[in-house]
Amino acid sequence: MREGAARVDVATPAGRDRAVDALRAIAILGVVLGHWLVTALVADGRALHTASPLQHMPWLAPISWAFQTLAVFFLVGGHVATRSLATARARGTTYGAWLAARLSRLFKPVAAVLTLWTAAAAGLLLTGAEFGTVHTLVKLALSPLWFLVVFAVLTVATPLLTRLNPLWPLAVVLHVDLIRFGLGGPSWLGWVNVAAGWLVPFTLGAAWTRGELERRRAGWTLLAGGAVATAALVAWAGYPTSMVGVPGAAVSNLNPPTLAAVTFGLAQCGLALLLRNRLRGTMRRPLAWAAVALVNLSAMTIFLWHQTALMATTATGLLAGRLPGLHTVPDDLGWVAARLVWLPVFAAVLAVCWTAFHGYEQGRRRGGGTRVVRVGRPSERGAAREVRHV
């Protein structure tokens, strides 16, 4: 393992900013662990319905602060997209070729997920499964796709966003929430924030590319300002404490994004920027870098299949009866302790999914992508596997 990690380390281009890949890996794994910790499928007779420990134990809301890391993913995505577009233009690559390469990498793995779950849903219905249960399973399995659609739209608009100040989309989010919550406006207006809310970290990534966030003062300003604003919104403006959706809650900070979710994302982005130097030092260790490179190589596969891994484990476990932490109501710390025990099982099932489907994320590199490692000499080719940014 150490020898293979050393070959990956040697094959990595010297000028690569490994902190970018580390932040992406942290963001992806944060989302996965967050879903595994707060998503429960409760068995009620022959039916399964979703629940969350945050429903019954709202004091656990700080868990969502640690694992709701989407803002960091959009920060890195904006940085990588704008930097990649500038590189493509310098090479003479057209916008169309650049965009096709990026969207292909983004959506190619989706076909496998849609195909499998279409067949699974049809099979379950034909064998007498309750429609409500099938709907719950399919909704959970395909829920990551909303994120890909938003990310794809922002990727398409990258040429228009390279110089956009993050304060503009932040102002849109602020006014939308003022109209919704302050003036009694229509609830559907909140869906404007699906684009505007994630534009904020994405355009922060563009500012990173322009070199405007290199000083540590920028990171501290975002971290402190975002944290203070979020605390004020939760304490005095009535926003939910949880930064993820809670079943049955009147307002969700995430669906659609609220001002509190966006200011919380600013704090996360500030922390991410402050951690860059430390991550660069850590990524000089071959084993740590090889692990991060592997996660980046399979980022979309991990993201798209982690809910399927949870549901496959839950469905298989039903053969042994109602198991604690898997099928029981998440209403006490006993459930939390049992769920922690199940996490390695979820990871093992996800590894099986990765083995079966990660090939859909690979393929020959086309214009617009970048590599974690370069193609090395013949003796290095086993380690020098190519990965393109999401």
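The values are calculated or read from the model by the stated rules, or taken from the named source; none is laboratory data. Keep in mind that this is a model prediction, so the values were computed, not measured. A quick note on method: Cβ atoms are made from the backbone with ideal geometry, for glycine too, and the neighbour counts reach across all protein chains shown. Just the protein is used for accessible areas: all its heavy atoms, side chains included, with ligands, DNA and RNA removed. Shrake-Rupley method; radii C 1.70, N 1.55, O 1.52, S 1.80 Å.
With respect to the numbered conditions (1) of a type outside the set (Asp, Glu); (2) at pLDDT 90 or above; (3) crowded, with 19+ Cβ neighbours inside 10 Å; (4) not in a helix (DSSP H, G or I), which one is the sole condition not fulfilled by GLY368?
Every listed condition holds for GLY368 apart from (2).
Does any residue of the stretch 256-272 turn out to be farther than 30 Å from ARG163 by Cβ, within 20 Å of the chain's Cα centre (by Cα), surrounded by 22 or more Cβ atoms within 10 Å (Cβ to Cβ) and hydroxyl-bearing (Ser, Thr, Tyr)?
Within the stretch 256-272, none of the residues are farther than 30 Å from ARG163 by Cβ, within 20 Å of the chain's Cα centre (by Cα), surrounded by 22 or more Cβ atoms within 10 Å (Cβ to Cβ) and hydroxyl-bearing (Ser, Thr, Tyr).
Looking at the stretch 277-292, which of its residues are open to solvent by 10 Å² or more (accessible area, probe 1.4 Å) and assigned to a helix (DSSP H, G or I)?
Hits for the stretch 277-292 are ASN277, ARG278, LEU279, ARG280, GLY281, THR282, PRO286, LEU287, ALA288, ALA290, ALA291, VAL292.
Please identify the pairs in which a residue from the stretch 74-93 that is within 21 Å of VAL194 (Cβ to Cβ) has its Cβ atom under 6 Å from the Cβ atom of a residue that is of a type in the set (D, E, K, R), counting only partners at least 6 apart or on another chain.
VAL76/ARG24
Look through ALA14, ALA5 and report the one residue that is among the hydrophobic types (A, V, I, L, M, F, W, C), surrounded by fewer than 22 Cβ atoms within 10 Å (Cβ to Cβ), out of contact with any strand residue (DSSP E or B) (no Cβ under 6 Å at 6 or more places or on another chain) and outside any helix (DSSP H, G or I). Talk me through it step by step, then tell me what you get.
Working: ALA5 fails: outside any helix (DSSP H, G or I).
Unique residue meeting the criteria: ALA14.
Checking the structure you have, find out if any residue of the stretch 225-235 is buried (at least 18 other Cβ atoms within 10 Å of the Cβ), within 21 Å of the chain's Cα centre (by Cα), in a loop (DSSP other than H, G, I, E, B) and of a type in the set (Ser, Thr, Tyr).
no
If you take the residues in the stretch 166-191 that are open to solvent by 60 Å² or more (accessible area, probe 1.4 Å) and touching a residue at least 40 places away in the same chain (Cβ under 8 Å), which one is farthest from LEU204 (Cα to Cα)?
Among residues in the stretch 166-191 that are open to solvent by 60 Å² or more (accessible area, probe 1.4 Å) and touching a residue at least 40 places away in the same chain (Cβ under 8 Å), the one farthest from LEU204 (Cα to Cα) is PHE181.
If only one of THR314, THR301 is hydroxyl-bearing (Ser, Thr, Tyr), under 25 Å from LEU60 (Cβ atoms) and not in a loop (DSSP other than H, G, I, E, B), which one is it? Outline the logic, then answer.
Numbers: THR301 fails: under 25 Å from LEU60 (Cβ atoms).
The match here is THR314.
Is there a residue in the stretch 36-54 that is touching a residue at least 24 places away in the same chain (Cβ under 8 Å), open to solvent by 60 Å² or more (accessible area, probe 1.4 Å) and assigned to a helix (DSSP H, G or I)?
No.
Select from the stretch 83-134 the residues that are surrounded by 14 or more Cβ atoms within 10 Å (Cβ to Cβ) and aromatic (Phe, Trp, Tyr) and list them in ascending order.
TYR95, TRP98, PHE107, TRP117 - these are the residues of the stretch 83-134 that are surrounded by 14 or more Cβ atoms within 10 Å (Cβ to Cβ) and aromatic (Phe, Trp, Tyr).
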